[in-house]
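Q: If you scroll down you'll find the structure; I have some questions about it.
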Amino acid sequence: MKILAVCGFGVGSSMVLKMTLDKVIKDLGVTGASVENTDIASAKATDADVYFTSAELAPDLKESTSKPVYTIKRYMDKNEVGEKLKEYLAEQEEK
């Protein structure tokens, strides 16, 4: 499973979000998942299984992919990020 953490420039906040996603994946015991951080332009051209980004960037990202896009308000909040990841994983189990 390829996960993209997306911010405007692909440097600061996406790296923080990537680190939080990595911790959540470890805590949940998810195997076979890789997380990359990137900027919005690159994310729109990169295929991933799921995207995590801010509410400001989500509409633009949703226009360029049919894959799920989840918005995160607090990139360092393991609970918020974990809930969104669990939501994604539950949806995948239903398919």
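Only the coordinates and a few stated rules stand behind these numbers; no lab work does. The model shown is predicted, which means the values in this text are computed figures rather than measured ones. Methodologically, a virtual Cβ is constructed for each residue, glycine included, from the backbone with ideal geometry; neighbour enumeration extends over all protein chains shown.
Q: Please report how many Lys pairs in the range 2-94 have alpha carbons closer than 16 angstrom, counting only residues at least 8 apart along the chain or sitting on separate chains.
A: Counting lysine pairs in the range 2-94 gives 24.
Q: Related question: Once you place label points 7 Å from the Cα toward the Cβ at residue 31 and residue 66, how far apart are they in nm?
A: Rounded to a tenth, the inter-label distance reads 3.0 nm.
Q: Follow-up. Among 36, 56, 80, which one shows the biggest mean-square fluctuation in a GNM of the chain, springs joining Cα atoms closer than 10 Å?
A: 56
Q: Name the long-range amide H neighbours of residue 72: under 5 Å, sequence gap of 5 or more, or other chain; modelled H, no Pro or chain starts.
A: Close amide H contacts, sequence-distant or interchain: 53, 54, 55.
Q: With each label point set 7 Å from Cα along the Cα-Cβ vector, what nm distance links residue 45 and residue 11?
A: With each label placed 7 Å out from Cα toward Cβ, I get 1.9 nm.
Q: Defining a contact as two alpha carbons under 8 Å apart and six or more residues distant in sequence, what relative contact order in percent does the range 2-94 show?
A: Working: 144 pairs, mean separation 30.0, N = 93.
Over the range 2-94, the number comes to 32 percent.
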